[in-house]
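S.K.: This structure is in structure tokens; I'll ask about it shortly.
The values are calculated or read from the model by the stated rules, or taken from the named source; none is laboratory data. Here the structure is a predicted model, which is why all the values come from computation and not from measurement. Every residue, glycine among them, receives a Cβ derived from its backbone with ideal geometry; neighbour counts consider all protein chains shown. Accessible surface is based on the protein model in full, side chains and every heavy atom, while ligands, DNA and RNA are left aside. Shrake-Rupley method; radii C 1.70, N 1.55, O 1.52, S 1.80 Å.
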Amino acid sequence: MSFGDLLRTVWSNLNRMRGRVALTAIGVTIGTAAVLVLVSLGVGLQRSATGSLGNSGDLTRITATPRQGAGGGPVVIAEPMRGGGGSTTRRGASSGGANQPLLNDEALQRIAALEGVLVVTPFQNINAPYTLFAHRSQGYANVVGIDPAVADKLGWKLASGTLSLASGQAVAGARIGDGFFDPRRGRPLPIRDLQGLSLKLEVQRYGAEGVTGTRTQRLTIVGVLQPQGESDYQIFLPLKDVLALNDYAQGKRFDPKKDSYSQAIVKTVSSRQVPLVQQKIREMGFDAYSLQDAVQGVNTFFRVLQAILGGIGGIALLVAAVGIANTLTMAIYERTREIGLMKALGATNRDVMSIFLGEAGSIGFLGGVVGALCGLGAGVVINLFAASALSSPIPGMPGSVLPGGSTGAIIHTPLWLIPFAVAFATGVGLVSGVYPALRAAALDPLRALRYE
């Protein structure tokens, strides 16, 4: 039997039982649409989650820190004070782990020499209680010292001002003004215009009897960064200014050869080089973290979620497969004499099997195509409803759920999923047609011709 004859025979047989075929194909349609929508939901949520991570930080940035036990002196940990101003300091046990490398200038030079590294800078916190003052406001922000020579290579985008830092100057994150309050009335007193703002930074030194002194550092904000997530609540000072404040607070001069920086920022040329650079940094004996670690974890979670959602949709296809098998099994009894006549005229068992498998595959293909179209339409409708719901204001809260009153699509159908869904539905149809095809091929032609 030629392929053309097979197609004509299959079409003729399906056309004779249009009602039964339509009802059977509806089950495949529902199953295919369910698989498409549920897997697309997983893909959409994954894109939304990874996109949010990408917006909250730089995917080419690696944070390197000494492993626990590294360093050449007591571990000093800064903790925020209650009330929002400054931090308290507690000293841990001596960190003199002889086997742990120091995150000092020499280590930073070795990291900077790695292939794919664009720039490296210390990222040194103030390890002492401190408070910021501006006009009548008091506030708190994470004050960090960096190498001013590389500030313009860290990928920061400016809302105003410059990234050039000199002693007594600072670059502010976009939202540090939100952390200020009126100390007399205890209520928020945010600062909106940060550019050119004069700040007073007071750092306290603690001794056995409590506070033993205070040093004041005058700062002028020369640049304000655009909102970009992790740096929004940070103020960046020249590294030497922060080290001088730490020297005062701790009563010990920082030695870049014998002491470790609290952390360092490593920026790579591209995000593709981050995993290899991270591996090299870890081989040097340091911890290395990047947002790609979080992205990888999110992707792993959503791949599992997509498999689960696809499996739930596949249950509907399994039910449809039973319907296809039932439809074709009933067709055997209705066409027994016809099958016997075909065999008497020379049709082989393979020809009979091909006809029934063709009918089963056609039902699966038809249901798969319609199901894919229905799934795409359902995805569009769900996205419209989701966008409307998430952009609606919540009573008692200004604005919408998401900034700008909009949201990314929670249903995203990748191009490969459409042909996959159709092919999968066709495959389900073929598999469900195996049993009826084998039964039809096994009929004895003489007994089939005598069948009433």
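S.K.: Among the residues of region 176-198, is there at least one that is surrounded by 17 or more Cβ atoms within 10 Å (Cβ to Cβ) and under 23 Å from THR121 (Cα atoms)? First the steps, then the outcome.
M.R.: Of the residues in region 176-198, the ones surrounded by 17 or more Cβ atoms within 10 Å (Cβ to Cβ) are 176-177, 179-181, 183, 189, 191, 194, 197.
Those left that are additionally under 23 Å from THR121 (Cα atoms): 176.
Within region 176-198, one or more residues are surrounded by 17 or more Cβ atoms within 10 Å (Cβ to Cβ) and under 23 Å from THR121 (Cα atoms).
S.K.: Restricting region 332-391 to residues that are more than 14 Å from LEU438 (Cα to Cα) and of a type in the set (Phe, Trp, Tyr), which is modelled with the lowest pLDDT? Reasoning before the result, please.
M.R.: So the first thing to find is which residues in region 332-391 are more than 14 Å from LEU438 (Cα to Cα), and the list is 334-335, 337-338, 340-347, 361-391.
In the following step, the residues that additionally are of a type in the set (Phe, Trp, Tyr) were identified as 365, 385.
Numbers: PHE365: 93, PHE385: 83.
Ranking the candidates gives PHE385 first.
S.K.: Right, next: Output the residues belonging to region 264-273 that are in contact with a Gly (Cβ under 8 Å, 6 or more places away or on another chain) and open to solvent by less than 50 Å² (accessible area, probe 1.4 Å).
M.R.: Start the filter on region 264-273 by keeping residues that are in contact with a Gly (Cβ under 8 Å, 6 or more places away or on another chain), which leaves 267-270, 273.
The answer is LYS267, THR268, SER270.
S.K.: Okay, moving on. Just to be sure I understand, how many residues within region 222-239 are open to solvent by 10 Å² or more (accessible area, probe 1.4 Å) and touching a Pro at 6+ places or on another chain (Cβ under 9 Å)?
M.R.: 1
S.K.: Since ALA347 meets every condition but one in (1) part of a loop (DSSP other than H, G, I, E, B); (2) touching a residue at least 24 places away in the same chain (Cβ under 8 Å); (3) open to solvent by 40 Å² or more (accessible area, probe 1.4 Å), which condition does it not meet?
M.R.: Of (1) part of a loop (DSSP other than H, G, I, E, B); (2) touching a residue at least 24 places away in the same chain (Cβ under 8 Å); (3) open to solvent by 40 Å² or more (accessible area, probe 1.4 Å), only one is false for ALA347: (3).
S.K.: Kindly indicate whether ASP152 is in contact (Cβ under 8 Å) with a residue 60 or more places away in the chain and either out of contact with any strand residue (DSSP E or B) (no Cβ under 8 Å at 6 or more places or on another chain) or open to solvent by 40 Å² or more (accessible area, probe 1.4 Å) (or both). Give the steps one after another, and end with the answer.
M.R.: On the way: in contact (Cβ under 8 Å) with a residue 60 or more places away in the chain: no; either out of contact with any strand residue (DSSP E or B) (no Cβ under 8 Å at 6 or more places or on another chain) or open to solvent by 40 Å² or more (accessible area, probe 1.4 Å) (or both): yes.
Judged against the criteria, ASP152 is not a match.
S.K.: Looking at LEU41, LEU36, LEU6, LEU23, which is the one that is at pLDDT below 85 and of a type in the set (A, V, I, L, M, F, W, C)? I'd like the intermediate steps shown before the answer.
M.R.: Working: LEU41 fails: at pLDDT below 85; LEU36 fails: at pLDDT below 85; LEU23 fails: at pLDDT below 85.
Every option except LEU6 fails the conditions.
S.K.: So ALA166 fits all but one of (1) in a helix (DSSP H, G or I); (2) of a type outside the set (S, T, N, Q); (3) within 24 Å of GLN228 (Cβ to Cβ); what number is the exception?
M.R.: Against the list (1) in a helix (DSSP H, G or I); (2) of a type outside the set (S, T, N, Q); (3) within 24 Å of GLN228 (Cβ to Cβ), ALA166 comes up short only on (1).
S.K.: Please state which of the following conditions TYR333 fails to meet, knowing it meets all the rest: (1) among the hydroxyl-bearing types (Ser, Thr, Tyr); (2) open to solvent by less than 70 Å² (accessible area, probe 1.4 Å); (3) over 27 Å from the mean Cα position of the chain (by Cα).
M.R.: All conditions are met except number (2).
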